[in-house]
1. Of all residues in the range 37-70 being open to solvent by less than 60 Å² (accessible area, probe 1.4 Å) and in contact with an Asp or Glu (Cβ under 9 Å, 6 or more places away or on another chain), which is modelled with the highest pLDDT?
2. Looking at the range 1-31 only, could you name the residues that are of a type in the set (A, V, I, L, M, F, W, C) and touching a helix residue (DSSP H, G or I) at 6+ places or on another chain (Cβ under 8 Å)?
3. May I ask you to list pairs of residues, at least six apart or on different chains, whose Cβ atoms are under 6 Å apart, with the first in the range 12-36 being over 15 Å from Thr49 (Cβ atoms) and the second being of a type in the set (S, T, N, Q)?
4. Of all residues in the range 14-31, how many are in a helix (DSSP H, G or I) and at pLDDT below 90?
Amino acid sequence: MKPKSIYERCENCSLALDCARALGTKVVGIDGKDIAEGSRKLTLAILWTGGLFELVPASRVAEMASRRRW
């Protein structure tokens, strides 16, 4: 389901950042609003810092994704 408003996008991005923190990625100075507004620099910083696609088992990502609010 696609978010209908900027508020839902910000909430989804905040949830993704919470998941990244829970998985051990150091996320400092980045808010869901930054990601929702399309900051490429901050989005790439999260991906590179955590190595999310290679270091985190798919089962953990699926577990975190099942907790989404929307």
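1. Leu42
2. Across the range 1-31, the qualifying residues are Ile6, Cys10, Cys13, Leu15, Ala16, Leu17, Cys19, Ala20, Ala22, Leu23, Val27, Ile30.
3. Gly32/Ser14
4. 8
The values are calculated or read from the model by the stated rules, or taken from the named source; none is laboratory data. All values reported here derive from a predicted model rather than from experimental measurement. Glycine gets a Cβ as well: all are built from the backbone with ideal geometry, and neighbour counts include every protein chain shown. With ligands, DNA and RNA removed, areas are computed over all heavy atoms of the protein, side chains included. Shrake-Rupley method; radii C 1.70, N 1.55, O 1.52, S 1.80 Å.
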